[in-house]
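Data block below; observations after.
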Amino acid sequence: MELLWLIIAPFAGGVIAWLIDRIDGGDRRGLPARWVSLLALVFDLALLAAIWAGRHAGTGVGKYGAWFLQLKAGWIPEIGASFHLAMDGLSFLLVFLTVFLGIVSVAVSWNEIKDRVGFFHFNLLWCLAGVIGVFLALDLFLFYFFWEMMLVPMYFLIAVWGHERRRYAAMKFFIFTQLGGLVMLMAILGLYFIHGAQTGVYTFDYFSLIGTRMSAAAAFWLMLGFFTAFAVKLPAVPVHSWLPDAHTEAPTAGSVILAGLLLKTGAYGLLRFLVPLFPAASASFAPVAMAIGVAGILYGAILAFGQTDLKKLIADTSISHMGFILIGVFAWNSLALQGVVMQIICHAISTGMLFILAGALQERIHTRDMGLMGRLWEKVPVMGGVGMVFALASLGLPGLGNFVAEFLILLGAFKANPAMSVLAALGLIVSTVYALRMMQHVFHGEERRGWSLPDLSAREKGVAAAMIILIVWLGLFPQPVIDAASPALQGLEAIAGSQVKIISVAGLGRMTAPPAQASFYRTASGPLKSGALKGDKNERR
Amino acid sequence: MMPPIPANPAPVNPLRMDMIPMNYALIVAWVLFVIGVIGVLARRNLLFILMSVEIMLNASGLAFVVAGSRWGQPDGQIMFIFILAMAAAEVSVGLALVLLAYHRFGGLDADAANRMKG
Amino acid sequence: MMLPYLWLIPALPFAGFLVLSVLGRRMGNGPAAAVGVGSVGLSALVAILVASSFINAPPPAHVYTQTLWRWISVGGFAPGVMLYLDSLSLIMVLVVTVVGFLIHLYSAEFMAADDGYSRFFAYMNLFVGSMLVLVLAGNLLFLYLGWEGVGLCSYLLIGFWYREPENGAAAIKAFVVTRVGDTALAIGLFLIFINLGTLDIQRMMNLAALHWRPGGALPTIAAALLLGGAIGKSAQLPLQTWLPDAMAGPTPVSALIHAATMVTAGVYLIARTNVLFTMAPAVQIAVAVIGAATLLVSGMSALVQHDIKRVLAYSTISQIGYMFVALGVGAWSAAIFHFMTHAFFKALLFLGAGAVIAGLGGEHDIFRMGGLRRQMPLAFWCFLAGACSLSALPLVTAGFYSKGLILSSAWEAGRAGFWLWAAAIAGALLTSIYTFRLVFIVFFGEAKAKISKKPGPRAAIPLVILAFLSVAGGFVNFPAFFGIKGSMFFSRFLASALPSATYAAPLPETDLLLEAVAAIVSLAGIYVAYFFFLSSPEYSREMAGTAIGKVLKRFWFEDWGFDWLYEKTLAAPYRWLARTNRNDAVDLFYSFIAKVNMFFHYGLSLSQTGKVRFYAAVIALGAVVTITIAVFAR
């Protein structure tokens, strides 16, 4: 049940925030909507804490992997789709990250978003709910449902509250990810039919589909279908070009969620679905995927080095950092996988904070052009210091979390493929170049315009302090995170390692969801559609 | 709509058909239809367009009747009654639209209503 | 029994950094200096207590380890946050904290007028903490943390005066060039862990000795990669170009980071992992050759510089070259000995130069100085002590003993030994020439500028102490041929951590002869400098005026064109690529697809005229065409 509440809370919070803002009529500048969103997320946080505290008491531990919570209910029995959610250490970390960044996003939008506050928070929370769903779903149909569900609110976040070229960016984002999702849907259906034809049981259940026997060619093409979707989301070169536009044009909260969470769903998909479902095919594909990762690391860094737009620079660094994830996943050993989990978390924090800083700068001086900044340290030393910490995190300085992540990935990759690892290590050099260039252009050097701007506000300082403590903590004491993820990762390794068909574990775990809750999601798509139309109309006006 | 052509047609009343060959009747229907098409394409007045549409409908009705009598079956006449009913409905809707268009565009010029231009 | 308090030594400067970075802007200069200098001072005090404890009651096997916490533990990869104290790291810690404290004290006065006072001490404390982590780390990953940490502080402090774009460029250059070496080091770490399963330095060396064949591919590659890191950090050929530019930072920074401590981290790394290098003779020879080449190349560059700090920077590169020669011939303790004396006299020279620069209101050009001997007697005498030590003036200076040990070790090192010795002795000549060129031009001759400020007590005390150490610091390691009781104390102390020299010790007579040659060369260099730059400078001008002189001067002044080469082959193409590709070539493909779609969109929307009659005509036409095809296309 807790798992369902985790998803329902932001869903319901979003609807309430929207309605309350409509009723309120904007007299209090959207404050009620902000507080409702914050409450919904804090509720999720409390729930997560409770889940973590009581995780050993849970009875729903699967046969393999290390699930400590499961929820399975019928959904569309005619096609074999069930409402199957489950949580292990990996999912927990990612859901925690989602909720944490969600709270940060609400906090940074406090002053930035002044227009249609209720609808903004509606989209924000629905997007988060979709992301949480992606991290919890164990039914491929349900996974696809959440996968697509998080796109639409994000589209509106960019298209309504974005910057100058928001329509273009939102459309590009939507087309790329939607096409990737479509390819994945075909692969899901392919897997579904192959499995059904073989066993006579047509099901979308993750555990049943693992170990499906198929020809090498079929496995390869299906794997490629999943890979395409995840590579677009990650993003990997050469399907990365939606990302700089989307990140640049999105409002700060949108950039934070995009960089911190949406990209990570791609990484999560690779970990949870791609390799366990197609172990042999992904093993043979690994050299290519790692080469793509290396290309991403270097290409993203070159792109970032050439930018003059601050947000675009930060966005391009994401391409570079996500290349490490690709390398780590396809190295597929415990070192690299732990590195991937660390990278997911640390990149979310470091890049998220850089976007927050870029947003704060834009709010103050109304430009993102680094050619107009310079010597801002003089004016905003606190912002400069925070920027320095996260620029250093971005270049992988030891002592900060990103170093642990990148080092583990490269170490694991060296075990699997030394040449790729050495090439990827060049990323350490090029990342230095762009990160320091950014600091130089924004905070140091000549003064190009006589800006006068206030330093970080107390609320922004609070966010920055939390992020700094977190990134340093992850750099010096990463072991709790590693321990949390390690059983889950060992489970994944075991699944991928065993080629045998694994017996379905349906019936294990807590089957507590009444059918009414399963139908909730079908009716809940109503407000989404009307909201969509409304947003569209509003924008044209 | 058309029933399958029997292998060996048996005319009910061959005498009548001798009086006016079927082709003539079909040619009349064709001429009527073309007049209607040209009317629709050439006139800009919505009323005339509507009238031309009526002519086209009647042309096809005539063709039905002729074909029905050729095969000695009542289907053709039934279709004509259908067309009549449809034409009545069409005229009533059409006239209502024409009225609206007259108010909206201040005239009956069909080309004035080009807001749907892509 | 101070050993359990070992963790305090790096923790104190870090605490200072934390306090200064959080509260610094609200502190006045006084409290900021108290925290900044005090934390390092306390750290030095703890270090001295730990040292006395270590010497008086040595721990078992002369090694003390302290694991603070488990850092990472994944699938057999379990580096801890572990401190490792043996005689080698003890000496490093003492030098870092004591010299660091003196330089902090000096900075309290030197930086007094700067608006970034607390920021300066925050960075400096962070540096000292990172440097202590580097020298105390028990495993290579923790060492790497300190290694990158000092690189970061070097960046922050070179670019400390951030308002000047050139300072920022120099800082970025320093970080990037050293990062090239760091990346090699990181790859070396991967290689070592994957093949030996540990990054613990002692275990790693034991396992390497057990499992690896000496001279085999693995030890050679591993040692070469570590050497890459050392070259970057220690500014050796071909990655030396960042150090002269690093002089853009405040002078105390140059003294602490770019002379006394950080730049010798590479020397420490090689000494620390000496087993690996012994197992890779090819790499070890490369170390010696790189050192010899660097000391000559930079010595020549130092001869023609105008900027007082750049002369000292090239001199630093050159002196580290000596240490590399010593490492390359397996004279580990000689390298560390020279590191120590160099830390004393080079820090002293930089601080003295800082006093001169501050006295002249920020003047760096030696040709606009002159005659300062009378105006700044304290600075002059201290600087002179440092210069004598650097030139290895016989018997009375620390530099003489440390350099002499390196020279005699090189002489004994097999067949290549003679050439290494020859290079080193030529370098010694260059050293005394460029050093006394500096002394004569700056402090002798006629006064060209008025002194506006003299060093106050907080600056004077470190100068005097360092001057004393530069002279007396060598007495801890008297050569054996003196026959004094307690000779070679330093080397014997290090013997518990570092293996003694690979080659047989030279006979006392040979040793004496070598020392005599070195002494003569040193004095000859001083005379040459006296002749060309003080008594008859017209000769030097004449020599510089000849065609070949002009070319050489230009060439040496530009540091043998390394910067030019890297700019043309690496930096410029990379910038060009990034600038050209700013709008992402890959995106062109997608915009092309989008454009094709838009083309069809426009084409079809043209047909949508909005004219009902046009539509009707098209429908009619379409019907005719369809029927025609249906009827006739049988």
Q: Please go through segment C:15-47 and pick out each residue that is touching a Leu at 6+ places or on another chain (Cβ under 7 Å) and more than 16 Å from C:Arg119 (Cβ to Cβ).
A: C:Leu42, C:Ser43, C:Val46, C:Ala47
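So that you can scan it fast, the table gives a plain yes or no per residue for (1) within 14 Å of another protein chain (Cβ to nearest Cβ); (2) modelled with pLDDT under 90; (3) out of contact with any strand residue (DSSP E or B) (no Cβ under 7 Å at 6 or more places or on another chain); (4) not in a helix (DSSP H, G or I):
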position	(1), (2), (3), (4)
A:Leu262	no, no, yes, no
A:Tyr268	no, no, yes, no
A:Ser282	no, yes, yes, no
A:Val288	no, no, yes, no
A:Ile292	yes, no, yes, no
A:Asp316	yes, no, yes, no
A:Ser320	yes, no, yes, no
A:His347	no, no, yes, no
Q: Run A:Asn333 past the list (1) crowded, with 24+ Cβ neighbours inside 10 Å; (2) within 12 Å of another protein chain (Cβ to nearest Cβ) and report the number of the one that doesn't hold.
A: (1)
Q: Go over the candidates A:Glu363, A:Glu446 one by one and state the one that is facing another protein chain (nearest Cβ under 7 Å) and more than 22 Å from the chain's Cα centre (by Cα).
A: A:Glu446
Q.
So, C:Phe562, is that one within 14 Å of another protein chain (Cβ to nearest Cβ) and either out of contact with any helix residue (DSSP H, G or I) (no Cβ under 6 Å at 6 or more places or on another chain) or under 30 Å from C:Ser408 (Cβ atoms) (or both) or not?
A. no
**Q.** Selected residue (criterion: nearest to the other protein chains (Cβ to nearest Cβ)) from residues of segment C:60-83 that are under 11 Å from C:Trp7 (Cα atoms) and crowded, with 20+ Cβ neighbours inside 10 Å
**A.** C:Val81
Q) So which residues in segment C:582-632 are within 14 Å of chain B (Cβ to nearest Cβ) and in contact with a Ser or Thr (Cβ under 9 Å, 6 or more places away or on another chain), if there are any at all? A) C:Phe614, C:Tyr615, C:Val618
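For every residue, the table says whether it meets (1) modelled with pLDDT of 90 or more; (2) surrounded by 12 or more Cβ atoms within 10 Å (Cβ to Cβ).
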{"position": "B:Met1", "(1), (2)": "no, no"}
{"position": "B:Pro9", "(1), (2)": "no, no"}
{"position": "B:Asn13", "(1), (2)": "no, no"}
{"position": "B:Asp18", "(1), (2)": "no, no"}
{"position": "B:Val34", "(1), (2)": "yes, yes"}
{"position": "B:Arg43", "(1), (2)": "no, yes"}
{"position": "B:Glu54", "(1), (2)": "yes, yes"}
{"position": "B:Leu62", "(1), (2)": "yes, yes"}
{"position": "B:Val65", "(1), (2)": "yes, yes"}
Q) What about A:Glu164, is it assigned to a loop (DSSP other than H, G, I, E, B) and under 29 Å from A:Ala33 (Cα atoms)? A) yes
(Q) Take A:Val433 and tell me if it is within 11 Å of chain C (Cβ to nearest Cβ), surrounded by fewer than 24 Cβ atoms within 10 Å (Cβ to Cβ), farther than 28 Å from A:Ala291 by Cβ and at pLDDT 90 or above. (A) no
Q) Can you name every residue in segment A:388-419 that is within 24 Å of C:Ala171 (Cα to Cα), more than 9 Å from chain C (Cβ to nearest Cβ) and free of Cβ contacts under 8 Å to residues at least 60 places away in the same chain? A) A:Ala391
Q: Any chance you could count how many residues in segment C:200-224 are surrounded by fewer than 24 Cβ atoms within 10 Å (Cβ to Cβ) and under 25 Å from C:Met131 (Cα atoms)?
A: 7
Q. Residues in segment A:189-207: is at least one part of a helix (DSSP H, G or I), at pLDDT 90 or above, touching a helix residue (DSSP H, G or I) at 6+ places or on another chain (Cβ under 9 Å) and closer than 22 Å to A:Lys312 by Cα?
A. no
Q | Matching entry among A:Gly54, A:Gly60 (being surrounded by 18 or more Cβ atoms within 10 Å (Cβ to Cβ), among the small types (Gly, Ala, Ser) and modelled with pLDDT under 90) | A | A:Gly60
Q) With respect to the numbered conditions (1) within 16 Å of the chain's Cα centre (by Cα); (2) more than 9 Å from every other protein chain (Cβ to nearest Cβ); (3) crowded, with 24+ Cβ neighbours inside 10 Å, which one is the sole condition not fulfilled by C:Glu148? A) (2)
Q. Given the structure, is A:Ala496 aliphatic (A, V, I, L, M), within 20 Å of A:Trp377 (Cβ to Cβ) and in a helix (DSSP H, G or I)?
A. no
(Q) Can you find, within segment B:97-118, the residue that is modelled with the lowest pLDDT among those that are loosely packed, with under 12 Cβ neighbours inside 10 Å and facing another protein chain (nearest Cβ under 10 Å)? (A) B:Gly118
Q.
Of the conditions (1) closer than 24 Å to C:Ser130 by Cα; (2) within 11 Å of chain A (Cβ to nearest Cβ); (3) part of a helix (DSSP H, G or I), C:Trp161 satisfies every one except a single condition; which number is it?
A. (3)
Q) Does A:Leu357 qualify as being in contact with a Gly (Cβ under 9 Å, 6 or more places away or on another chain), away from every other protein chain (no Cβ under 14 Å) and either within 30 Å of A:Ser452 (Cα to Cα) or not aliphatic (A, V, I, L, M) (or both)? A) yes
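The values are calculated or read from the model by the stated rules, or taken from the named source; none is laboratory data. Since the model is a prediction, treat every value here as computed from it, not as a measurement. Positions of Cβ are generated from backbone atoms using ideal geometry, with glycine treated the same way; all protein chains shown enter the neighbour counts.
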